[in-house]
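**Student:** The structure follows.
The values are calculated or read from the model by the stated rules, or taken from the named source; none is laboratory data. Everything numeric here is computed off the predicted structure, so don't read it as measured data. Cβ atoms come from the backbone with ideal geometry, glycine included; neighbour counts cover every protein chain shown.
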Amino acid sequence: MPVSDSVDREAAGDARRADREGLPINELFYSLQGEGTLAGVPSVFVRTSGCNLRCWFCDSYHTSWEPTHAWMSLEEIVAEVDSHPADHVVLTGGEPLLHEKSVDLLEALDERGYHTTVETNGTIHREAPIALASISPKLESSTPTPERDPRSEIPEESRNGERRPEGAVNQGEGEWEQRHENERIDLEALSALVEDYDFQLKFVVTDEDDMPEIIDLLEELRGVTSEPIRDDDVLLMPEGATRERLAETRSRVAELAMEHGFRYTPRLHVDLWNDAPET
């Protein structure tokens, strides 16, 4: 169920949005969880629009680089979730924890007995009934630069029928490059998420050049949190939003997981449906 009916390229959380009820929803659909420890579990996905980061390889560019959404009330969202035969709900984005109303939605889903996974970049902490915090800290290799142009990963036609934006990285004279790099890691928010919830740390990996940064970040995080972080809590996921790209990255990422004693996670939805919407 693609629910986008408008385009809003302003930052999430502005004054006009604060007056709105409900959440900006880009997609709401039933599929299989494609990533992480629950890969393969039938789940309802609630995808909010708006993100505080701009990963150049974002596989949900229609919630970040080219954000689109429809406003849905919490009652409408819960009713749509209830219409599907699943006990698991994945709240994803964009960055769903940007929105205060995400807490209200998670409370409503918890009251109805759903298991909730929140897919987050780890820069925002909120108190909510989250069954699994799926935390994906962004590495330096995610930072958009003129050499890492998101147009190389965006399909020829965007999901809302518009052509993809030209020169997205260069808009604002590198504004997003600097902003993304400054905000992509927040140790305080990361440690709070790890301490408060069952969690998995899921890193998007391109090759072995990413590993020193992952090792260093884990060392820093272990130094500031009282919650033990096992190697088994760390998942390496190959970068790639298409089957063709995954074919280039997944074997070496699997080898890196074995080499370092971390877990490997597939991108099952990409293997099954490539980059189709609502998967």
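**Student:** Mind listing just one residue for me: the one in the stretch 148-178 that is assigned to a helix (DSSP H, G or I) and either under 18 Å from the mean Cα position of the chain (by Cα) or surrounded by 17 or more Cβ atoms within 10 Å (Cβ to Cβ) (or both) and, of those, modelled with the highest pLDDT?
**Tutor:** Checking each candidate, the answer is 177.
**Student:** Could I ask something else about it? Count, please, the residues in the stretch 201-240 that happen to be in contact with a Ser or Thr (Cβ under 6 Å, 6 or more places away or on another chain) and assigned to a helix (DSSP H, G or I).
**Tutor:** The total comes to 2.
**Student:** Please go through the stretch 59-94 and give me each residue that is farther than 14 Å from residue 105 by Cβ, of a type outside the set (Ser, Thr, Tyr) and surrounded by fewer than 24 Cβ atoms within 10 Å (Cβ to Cβ), ordered by number.
**Tutor:** Hits for the stretch 59-94 are 59, 66, 70, 84, 85, 86, 87, 88.
**Student:** Give just the number: which of (1) more than 16 Å from residue 103 (Cα to Cα); (2) in contact with an Asp or Glu (Cβ under 9 Å, 6 or more places away or on another chain); (3) at pLDDT 95 or above; (4) not charged (D, E, K, R) does residue 58 not satisfy?
**Tutor:** (3)
**Student:** Scan the stretch 257-270 residue by residue and report those that are in a helix (DSSP H, G or I) and under 12 Å from residue 203 (Cα atoms).
**Tutor:** 257
**Student:** Ok, one more. Does the stretch 190-199 include one or more residues that are among the hydroxyl-bearing types (Ser, Thr, Tyr) and either modelled with pLDDT under 95 or assigned to a helix (DSSP H, G or I) (or both)?
**Tutor:** Yes, that holds for at least one residue.
To keep it simple, each residue is scored yes or no on (1) touching a residue at least 24 places away in the same chain (Cβ under 8 Å); (2) out of contact with any Leu (no Cβ under 9 Å at 6 or more places or on another chain); (3) more than 28 Å from residue 116 (Cα to Cα).
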position: 175; (1), (2), (3): no, yes, yes
position: 246; (1), (2), (3): yes, yes, no
position: 276; (1), (2), (3): no, yes, no
position: 279; (1), (2), (3): yes, no, no
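**Student:** Give 256, 218, 272 a once-over and let me know the one that is modelled with pLDDT under 95 and touching a strand residue (DSSP E or B) at 6+ places or on another chain (Cβ under 8 Å).
**Tutor:** From the options 256, 218, 272, the qualifying one is 272.
**Student:** Here's another thing I want to ask about it. Sort out which residues of the stretch 80-104 are farther than 19 Å from residue 135 by Cβ, under 19 Å from the mean Cα position of the chain (by Cα) and touching a residue at least 60 places away in the same chain (Cβ under 8 Å), and write them in order of number.
**Tutor:** Correct list: 101 only.
**Student:** Further question: Can we say residue 206 is within 26 Å of residue 277 (Cα to Cα), at pLDDT below 95 and of a type in the set (Val, Ile, Thr)?
**Tutor:** For residue 206, the condition - within 26 Å of residue 277 (Cα to Cα), at pLDDT below 95 and of a type in the set (Val, Ile, Thr) - is met.
**Student:** Cβ contacts < 6 Å: first residue free of Cβ contacts under 8 Å to residues at least 12 places away in the same chain, restricted to the stretch 210-232; second residue surrounded by 11 or more Cβ atoms within 10 Å (Cβ to Cβ), any location; separation 6+ or different chain. Result?
**Tutor:** The qualifying pairs are 222/229.
**Student:** Determine which member of the set 227, 255, 278 is of a type in the set (D, E, K, R) and at positive phi.
**Tutor:** 278
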